[in-house]
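Below: one structure, written as structure tokens.
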Amino acid sequence: MDQRILFSQTPYPNVRSITMETFNMATATLTSKGQITIPVQVRTALGLETGDRVEFVEMEDGKFSIIAASKTVHDLKGLIRKPAQAISIEDMNRAIAAQGAKAR
């Protein structure tokens, strides 16, 4: 008895082709003083230099992202676009008070 099955079309039509990305992994060891040395490839990718600060941001359970905190306030200029209409401080305070009242 021949148990081969012939498909007239792709047997899994809903499966998409997935491109696998290659990630480099770096490892650091925690010392007894709670310190780590950030591996050179990570420092290079983040543009870190001696004396720079880093932030550890919790992304989800047990996962953190390391972000270079070496940018100045001036580097942030243009990050957020200007609003289409200027809003006064009084309008902002009213909006904050209204949202605070809803939260109670």
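Computed from the coordinates by the stated procedures, all read-outs in this text should not be read as laboratory data. Quantities reported herein were computed from a predicted structural model and do not represent experimental measurements. Using ideal geometry, Cβ is built from the backbone for each residue, glycine included, and neighbour counts are taken over all protein chains shown.
Per-structure values
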quantity: Karplus 3J(HN,Hα) series, Hz, for segment 36-49 with 6.51 cos²θ - 1.76 cosθ + 1.60 (x for Gly, Pro); calculated: 10, 9, 6, x, 4, 5, 6, 4, 5, 5, 8, x, 7, 10
quantity: Karplus-derived HN-Hα couplings along segment 70-78 (A = 6.51, B = -1.76, C = 1.60, θ = phi - 60°), whole Hz, x at Gly and Pro; calculated: 9, 6, 8, 4, 5, 5, 7, 4, x
quantity: Rh (Kirkwood; distinct C-alpha pairs) - segment 26-79, Å; calculated: 12.9 Å
quantity: Per-pair calculated FRET efficiency, R0 = 35 Å: Ser32 and Ser70 via Cβ, rounded to 0.05; calculated: 0.80
quantity: Student exercise, segment 26-79 dipole from Lys, Arg, Asp, Glu Cβ charges, in Debye to nearest 20; calculated: 180 debye
quantity: Amide H within-cut-off set for Val54, under 5 Å, with H built and near neighbours excluded; calculated: Ala69
